[in-house]
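Below: the structure, in structure tokens.
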Amino acid sequence: MNDHPFSLAGQTVLVVGASSGIGAATSALANRLGARVILSSRSADALAKVQAELDHPAEADVVAFDYRDVEAVRLALSPFERIDHVVIPAVADENKKRGAFLELDDATMRASFDKFWGQVNVLRAAVPKMPAGGSATLFASIAGLKPTGKDAGLSVMNGVQAAVIQTGRSLAVELAPVRVNVIAPGVVLTNVWNDVERANLADWMERTLPARRAGLPEDLAKAAVSLIANPYVTGAVLTVDGGLHLV
Ligand SMILES: NC(=O)c1ccc[n+]([C@@H]2O[C@H](COP(=O)([O-])OP(=O)(O)OC[C@H]3O[C@@H](n4cnc5c(N)ncnc54)[C@H](OP(=O)(O)O)[C@@H]3O)[C@@H](O)[C@H]2O)c1
């Protein structure tokens with residue numbers, strides 16, 4: 001494994017949002033490629049299930065915290081002396097935060113920014129533990145580059161995704177030589193969608209996207225690992241969307 005071009009042997013990778021979807025797939029792939037993974041989300045039970053499915057479960061730690069709670073994040077990461085890479089695909093209830101701009105209640109609209117502040121909280125706790133050439137991979141959405149239509153009810157959420165993108169690019173300069181990259185996923189078949197939505201979206205993607213296929217968590221995991229493993233990539237905004245940004 002050590003001579004594999006994407007080997008992560010000897011590296012520690014913190015994944016926040018590891019209990020589901022893109023985070024679970026990224027944890028599994030990083031672990032398969034030799035990394036010790038720190039699996040994190042709010043649910044220790046769900047993380048333990050992900051750990052049990054890893055190729056090398058002994059090469060994993062489970063650390064439960066809510067990334068919105070800055071003190072909880074700091075406390076949870078304090079035992080770790082060195083973290084080489086951090087990947088932060090955590091998000092909650094994104095679809096429940098949809099609503100018409102003039103009608104959405106204030107609290108829900110403001111909670112759209114939980115995803116932004118959660119990633120900030122994790123970075124501020126983890127970066128001091130990261131070596132030169134270590135990396136942070138933030139998660140936005142293709143909607144941060146190409147706003148969704150007027151009926152999607154995501155006007156503020158699209159701004160959150162753009163905020164993640166520009167903060168990530170800024171941090172690639174400010175935090176150097178730690179690297180910072182941003183992934184902008186298109187539609188991915190994860191638990192953010194229910195069964196019916198997943199089936200409908202898969203059908204739509206197969207018909208519409210230039211890639212003519214549905215996006216899977218494993219596709220995003222490959223993108224995240226490629227950013228971690230390539231020491232020449234920083235400040236990148238990587239669209240992984242089957243070409244959605246073009247259609
Ligand atoms: N799926 C898509 O179609 C799509 C499209 C565009 C962008 N994205 C972006 O891709 C990223 C990953 O999405 P996904 O589809 O993989 O989501 P997912 O399957 O719903 O997974 C979200 C993860 O975040 C964790 N989480 C939620 N709230 C948290 C909190 N307060 N603190 C810590 N962890 C928390 C969840 O675990 P717990 O519940 O255990 O905390 C879970 O592990 C997100 O940034 C999302 O916006 C996804």
* **Which listed residue, of V187, V156, is within 10 Å of the ligand (Cβ to nearest atom) and surrounded by 14 or more Cβ atoms within 10 Å (Cβ to Cβ)** => V187
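Let's see how each residue does on (1) within 12 Å of the ligand (Cβ to nearest atom); (2) over 20 Å from F139 (Cα atoms); (3) of a type in the set (A, V, I, L, M); (4) free of Cβ contacts under 8 Å to residues at least 12 places away in the same chain:
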site	(1), (2), (3), (4)
V16	yes, no, yes, no
S40	yes, no, no, no
F80	no, yes, no, no
I83	no, no, yes, no
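Tell me, please, whether a residue that is more than 10 Å from the ligand (Cβ to nearest atom) and assigned to a strand (DSSP E or B) can be found in segment 172-179.
First pass over segment 172-179, keeping only residues more than 10 Å from the ligand (Cβ to nearest atom): 172-179.
With assigned to a strand (DSSP E or B) added as a condition, the list becomes 179.
The answer is yes, given that some residue of segment 172-179 is more than 10 Å from the ligand (Cβ to nearest atom) and assigned to a strand (DSSP E or B).
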* Structure fact -> A224 vs (1) within 11 Å of the ligand (Cβ to nearest atom); (2) in a helix (DSSP H, G or I); (3) over 16 Å from L138 (Cα atoms); (4) not aromatic (F, W, Y): all pass except (3)
* **Answer from N200, N230 - the residue that is over 18 Å from G17 (Cβ atoms), surrounded by fewer than 20 Cβ atoms within 10 Å (Cβ to Cβ), more than 19 Å from the chain's Cα centre (by Cα) and among the polar types (S, T, N, Q)** => N200
* Is segment 142-156 home to any residue that is in contact (Cβ under 8 Å) with a residue 40 or more places away in the chain and among the hydroxyl-bearing types (S, T, Y)? -> yes
* Find all pairs meeting these conditions: Cβ atoms under 7 angstrom apart; at least six residues apart or on different chains; first residue within segment 90-102 and touching a residue at least 40 places away in the same chain (Cβ under 8 Å); second residue part of a loop (DSSP other than H, G, I, E, B) and more than 8 Å from the ligand (Cβ to nearest atom). => K97/S112; R98/A152; R98/G153; R98/L154; G99/G153; A100/G153
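All of the numbers you see were taken from the coordinates with simple rules; none came from a lab. Remember, predicted model here, so these are calculated numbers, not experimental data. Glycine gets a Cβ as well: all are built from the backbone with ideal geometry, and neighbour counts include every protein chain shown.
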